[in-house]
Amino acid sequence: MAQRQRQRGNRRTTTHARHKDNEGIVPVLARAVRELESAVQRGPLSPGQRIRFQVVALLAREHRHEVKADTELTEAQKADELKRLDGIATILAKTATRDPNLFTLLSEDAVISDGAKELRVEMLRKAGVEVAPEEPKPDDEAGPGLGERRVIPQSVVQRQLANPFLVPDFDIARTRRTTSQRLATWELLGPLFRSFELGGASSCMDLPEATSLNAPGDLELMPHQARLIAAAAEGHRTFLLADEPGLGKTAQALLAAQAANAFPLLVVCPNVVKTNWARETQRWTPRRRATVIHGDGDQVDAFADVIVVNYEILDRHVGWLGDFGFRGMVVDEAHFIKNKTSQRSRHVLELSERLRARTARPLLMALTGTPLINDIEDFRAIWQFLGWIDDVKPLLPLMDALEETELTPADPPFYPAARKSVIDQGIVRRRKVDVAADIPARRIADIPVELDEDDSRSIRAAEKELARRLVQRYKAALETRRTGSVVDGIDHELVRRVATWEREEMGSSTTGENVFSMLRRIGQAKAGLAADYAAQLARNVGKVVFFARHVDVMDIAEETFTKRGLKHTSIRGDQTPKAREKAIDGFVNDPDVQVVVCSLSAAGVGVNLQVASNVVLAELSWTDAEQTQAIDRVHRIGQSDPVTAWRIIAAQTIDTRIAELIDSKAGLAARALDGSDEEVTSSADVQTEALVVLLTEALERELG
């Protein structure tokens, strides 16, 4: 996108006469698209015609934006020009239906070749548009096609000044040996992929027995987690960790890095989970510091041990990240890089290659819950990231393993042997059912997410206003106080009374912002993020139950699932019994329905959804009992898999405090959802405690 924006910026022209039938870019595009329409009727387009197809689509898209933004055109002229562009778009779509491979050229991240750039300039000039020469990009030397806007955060510069020399890795020369290359003349990648399509007994390498289940603090590893960490401790350095969601891949990756001394560690992940990586780093490796890159990285701590960056902004940071001196790299939700031509895949592969060039045996981990046998070609880029293959052949460690089989693709036994050779490079996949004895029957996993900047700013302002009003009320009550217990300058008994008054009046229209309204706004702000996470789960493990409290949050979630192409149904309070039954039946019996969106109040009881074993709680309940009721729609008699509830928490908001309050009220046993008889807590208790915390923190800030 940045590349295309620069290209548009290089054009020096006006749109005064574009609405005229025979002037501007539209007639040029119309002629070109009609030629393509005729050509595709004779068969698939040639490479040159494919380039023309892509350029026509690109210019039509650019011109549409220009027309909409042009203040000198009348509304009638805009409508006429847009109608002509719609005609071109229709012909492009019809052309693509005859040659479906053309659809890949229409995606936002499609590669724009040098030939396409030249044709674009030529077509613009035919339209009478003056095109300024494209200025050379200072980062062109970083690699072909990676010329997006790059940044170097100030803290990175400071780190480089503090330690200008990277410690050389003298082991690198010893790893660059040669093999006998008996198989050098064979095409091997195709047979390797085919070996997985033929199936096999297991998709998991042999792992050593766990030596210890100890973890920092009061944490305890599950045996399957400890076995992977033991493998890293014994020297294994590449892993395709494909455990099902809920089996603790994040903890395994961090503790494997600890065992391999692979810090500094780079983590590349989707935006929705990058805050969770920072939190999990603090939990599982408390002596290591994590930093999360946002935007241009102005707040990044370059001296941290774990640096977390999301795919969406990787293009800006790939330059300095490649020179940083990482000793390990984790790619979370690694199926995001399956399209090798996409920008994010090219950046990840470039970083992996540069890391392997600097470090003899870096820790490389690709994390994904996607089943391995859906489409094995999707794992080509992941194997390349791990250094198992390049574009055309297996690399040395895998080639050595294949040589040791003393077989060739002409021998039928080659395929199971080749499959095992790849798995032994580091494929680890365990399903919940495989390790059911290791994990609780029901458990909650919190996923902290960062809200959009505008939403976050607005919600923090609302919290501040509520806290200001509480302080004002407290001070007014303080003047009439007769007795009280003052600790550190705060009358905590009065604080609780003020919080109780506020809660009791929350239903009135005169109280302004309150905890109810803030939680609703937070729910709306995180709805899309929660739905994105549920969509990832659905693609990884199958059916997912999505719970929300408010109708507007459910609406946003359903819109997100529709955009992601996920078939879904919903259970709401305003449904007739017949519609409700149909929705449940669709989710339970239709294999194509991947998500059911449920109202906490309407589907919290009396509904059996045990066909799923993953629940997403998009909004917080006011009591542990309410969220347990929701989870029990899945964890019922007949459920054979352990159930995981993913609770989406908005970081740096009152959402976090309320989650902590619910957990503290429920007690440790209820937090683990082990079926203990915990003390019942009312929603009023949690609401009051939330206001107590908010007021106490505000008073502490005032007292300094």
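The values are calculated or read from the model by the stated rules, or taken from the named source; none is laboratory data. Quick caveat: nothing in here was measured; it's all calculated off a predicted structure. Note that we place each Cβ from the backbone using ideal geometry, even for glycine, and neighbour counts take in every protein chain shown.
Do we find that residue 682 is under 29 Å from residue 608 (Cα atoms) and at pLDDT below 70 in this structure? For residue 682, the condition - under 29 Å from residue 608 (Cα atoms) and at pLDDT below 70 - is met.
Condition (residue is surrounded by 15 or more Cβ atoms within 10 Å (Cβ to Cβ), at pLDDT below 85 and under 20 Å from residue 522 (Cβ atoms)) applied to the range 587-597: is it met by at least one residue? Steps first, please.
Initially, the range 587-597 is screened for residues surrounded by 15 or more Cβ atoms within 10 Å (Cβ to Cβ), giving 587-588, 593-597.
Then drop every residue that is not at pLDDT below 85, which leaves none.
No.
Please indicate, with yes or no, whether at least one residue in the range 513-534 is assigned to a loop (DSSP other than H, G, I, E, B), in contact with a strand residue (DSSP E or B) (Cβ under 7 Å, 6 or more places away or on another chain) and closer than 21 Å to residue 643 by Cβ. Checked against the condition, which is being assigned to a loop (DSSP other than H, G, I, E, B), in contact with a strand residue (DSSP E or B) (Cβ under 7 Å, 6 or more places away or on another chain) and closer than 21 Å to residue 643 by Cβ, the range 513-534 yields no hits at all.
So which residues in the range 21-66 are under 24 Å from residue 80 (Cβ atoms) and β-branched (Val, Ile, Thr), if there are any at all? Explain how you work it out, then say what you get.
If we filter the range 21-66 for residues that are under 24 Å from residue 80 (Cβ atoms), which is where we start, we get 21-37, 55-66.
Correct list: 25, 26, 28, 33, 55, 56.
Looking only at the range 235-243, decide whether some residue is within 16 Å of the chain's Cα centre (by Cα), closer than 30 Å to residue 160 by Cα, β-branched (Val, Ile, Thr) and in a strand (DSSP E or B). Scanning the range 235-243, I find no residue that is within 16 Å of the chain's Cα centre (by Cα), closer than 30 Å to residue 160 by Cα, β-branched (Val, Ile, Thr) and in a strand (DSSP E or B), so the answer is no. Taken together, 247, 266 contain a single residue that is within 27 Å of residue 389 (Cβ to Cβ), of a type outside the set (D, E, K, R), touching a Phe, Trp or Tyr at 6+ places or on another chain (Cβ under 7 Å) and outside any helix (DSSP H, G or I), which is 266. Taking the listed residues 611, 595, the one that is farther than 25 Å from residue 663 by Cβ, touching a residue at least 12 places away in the same chain (Cβ under 8 Å), of a type in the set (A, V, I, L, M, F, W, C) and assigned to a loop (DSSP other than H, G, I, E, B) is 611, with no other qualifying.
Applying the set (1) under 29 Å from residue 415 (Cβ atoms); (2) surrounded by fewer than 23 Cβ atoms within 10 Å (Cβ to Cβ) to residue 243 leaves exactly one unmet item: (2). With the requirement that a residue be surrounded by 17 or more Cβ atoms within 10 Å (Cβ to Cβ) and either modelled with pLDDT under 90 or assigned to a loop (DSSP other than H, G, I, E, B) (or both), what does the range 302-324 give you? Residues satisfying the conditions are 302, 304, 305, 324. Quick check: is even one residue across the range 415-425 at pLDDT 90 or above, within 24 Å of residue 248 (Cα to Cα), assigned to a loop (DSSP other than H, G, I, E, B) and outside the structural domain of residue 534 (by TED's automatic domain parsing)? Within the range 415-425 (the criterion being at pLDDT 90 or above, within 24 Å of residue 248 (Cα to Cα), assigned to a loop (DSSP other than H, G, I, E, B) and outside the structural domain of residue 534 (by TED's automatic domain parsing)), the answer is yes, since at least one residue qualifies.
Look through 24, 87 and report the one residue that is surrounded by 13 or more Cβ atoms within 10 Å (Cβ to Cβ), touching a residue at least 12 places away in the same chain (Cβ under 8 Å) and on the phi > 0 side of the Ramachandran plot.
On the way: 87 fails: on the phi > 0 side of the Ramachandran plot.
Residue meeting the stated conditions: 24.
No other residue among 651, 579 is of a type in the set (Gly, Ala, Ser) and touching a residue at least 40 places away in the same chain (Cβ under 8 Å) apart from 651. What are the pairs with Cβ atoms under 6 angstrom where one residue, in the range 433-454, is at pLDDT below 85 and hydrophobic (A, V, I, L, M, F, W, C) and the other, located anywhere, is surrounded by fewer than 18 Cβ atoms within 10 Å (Cβ to Cβ) and in a strand (DSSP E or B)? Sequence gap at least six, or different chains. Qualifying pairs under 6 Å: none. Kindly check whether there is at least one residue in the range 548-568 that is surrounded by fewer than 21 Cβ atoms within 10 Å (Cβ to Cβ) and closer than 25 Å to residue 641 by Cα. Checking the range 548-568: at least one residue is surrounded by fewer than 21 Cβ atoms within 10 Å (Cβ to Cβ) and closer than 25 Å to residue 641 by Cα.
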